[in-house]
Amino acid sequence: MRFDILAVFPLAASAVNIISSNDDGWAESNIRALFESLGAADHSVVVSAPAENQSGTGSKEEEPTVLTEPCEFNSCPSGSPAVGSNSSEPRLGYVNSYPVTSIQYGIDTSGPKFFNGAPDLAVTGPNVGSNIGLAVFISGTVGAATYAAKDGIPAIAFSGASGSQTSWDSERPHYSDVYADLATNVTNQVVAAGKPYLPDDIWLNVNFGKVSDECASPADFSFVLSRIHIAVPLITPDDVTTCGDSRLPSELKVSLASGCYASVSVGIAASKRDADAEMQGVVLKKLGNLLTCLP
């Protein structure tokens, strides 16, 4: 079921140029759903994602090579060039390499062909499965987002707890549309808050909870400002003060809470660790009424 995001969520203040990638592969259902959802919100989107599933490859990089076997889900034939695109929609592109190499190609080469310049924003995912806590160090979806942030492109990594690897040409799972529209909502909020969309070297790690009968539509979900890594008592500095507390809940705590929640964490791209209270505060102001408190 495709949601009418124009009815569910307001559009961003202005449309922007967005480079999109993941680690699950260019032909996976989630990234295609997000491509459509962001496009419906009037953003200009170019996908530059791995030709194959590259989950768990972190921040690895490697020169793209000619395919010696078909792309995932037979989305391109064996012998295809190292980089290519969909014949009917050239904004959907693949790179036969890791996620970081893929988004690098999108930022430097394929994106500018459509944007007439660098992208304004980078989004990765929605990943098939959560990227919570220590998982950020090995996630290719996170690796691509942090590469973009270090390259000066504001970046958001999206992940969802529901689902499994699904082909673009299969019946689209309901969760793919829910996650895509939730991701579009976050993107619109960041853009509407104005430039700079995020501080330098800062990225957002967003994890959506499971889609279920109780959490069936984007409107059912609430966003909670969180921290990536569990704080160490007496060692970890205070977080930004919100919801009456100077310690944000961890992504793990949000994921285990009863209800329909998505965690939003503020990370440092260079280290993939939590940003300080000042940077968390910048994001808190930008996201504004999108955020809620855990009960």
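The values are calculated or read from the model by the stated rules, or taken from the named source; none is laboratory data. Being a predicted model, the structure only gives us computed values, none of them experimental. With ideal geometry, Cβ positions are generated from the backbone for all residues, glycine too; neighbour counts draw on all protein chains shown. Protein only, heavy atoms only, side chains kept; ligands, DNA and RNA dropped before computing areas. Shrake-Rupley method; radii C 1.70, N 1.55, O 1.52, S 1.80 Å.
Quick look at the values:
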{"read-out": "Some residue of segment 238-254 being part of a helix (DSSP H, G or I), in contact (Cβ under 8 Å) with a residue 60 or more places away in the chain and within 20 Å of the chain's Cα centre (by Cα)", "value": "yes"}
{"read-out": "Yes/no for Gly129 being surrounded by fewer than 23 Cβ atoms within 10 Å (Cβ to Cβ), over 15 Å from the mean Cα position of the chain (by Cα) and not basic (Lys, Arg)", "value": "no"}
{"read-out": "Considering residues of segment 29-54 that are farther than 23 Å from Asn96 by Cβ and in a loop (DSSP other than H, G, I, E, B) only, the residue most open to solvent (accessible area, probe 1.4 Å)", "value": "Asp42"}
{"read-out": "Selection count, segment 250-280, where residues are surrounded by fewer than 16 Cβ atoms within 10 Å (Cβ to Cβ) and either under 12 Å from Ile228 (Cβ atoms) or polar (S, T, N, Q) (or both)", "value": "3"}
{"read-out": "Every residue from segment 82-96 that is within 17 Å of Ser44 (Cα to Cα) and not in a loop (DSSP other than H, G, I, E, B)", "value": "Ser85, Leu92, Gly93"}
{"read-out": "Search result, residues across segment 73-85 that are crowded, with 21+ Cβ neighbours inside 10 Å and touching a residue at least 40 places away in the same chain (Cβ under 8 Å)", "value": "Ser75"}
{"read-out": "Residues that are in a loop (DSSP other than H, G, I, E, B), among the polar types (S, T, N, Q) and within 17 Å of Leu34 (Cα to Cα), drawn from segment 182-218", "value": "Ser217"}
{"read-out": "Unique residue being open to solvent by 40 Å² or more (accessible area, probe 1.4 Å) and hydroxyl-bearing (Ser, Thr, Tyr) when the list is Ser139, Ser159, Ser170", "value": "Ser170"}
{"read-out": "Which numbered condition Ser88 fails, given (1) under 19 Å from Ala33 (Cα atoms); (2) in contact (Cβ under 8 Å) with a residue 24 or more places away in the chain; (3) open to solvent by 60 Å² or more (accessible area, probe 1.4 Å)", "value": "(2)"}
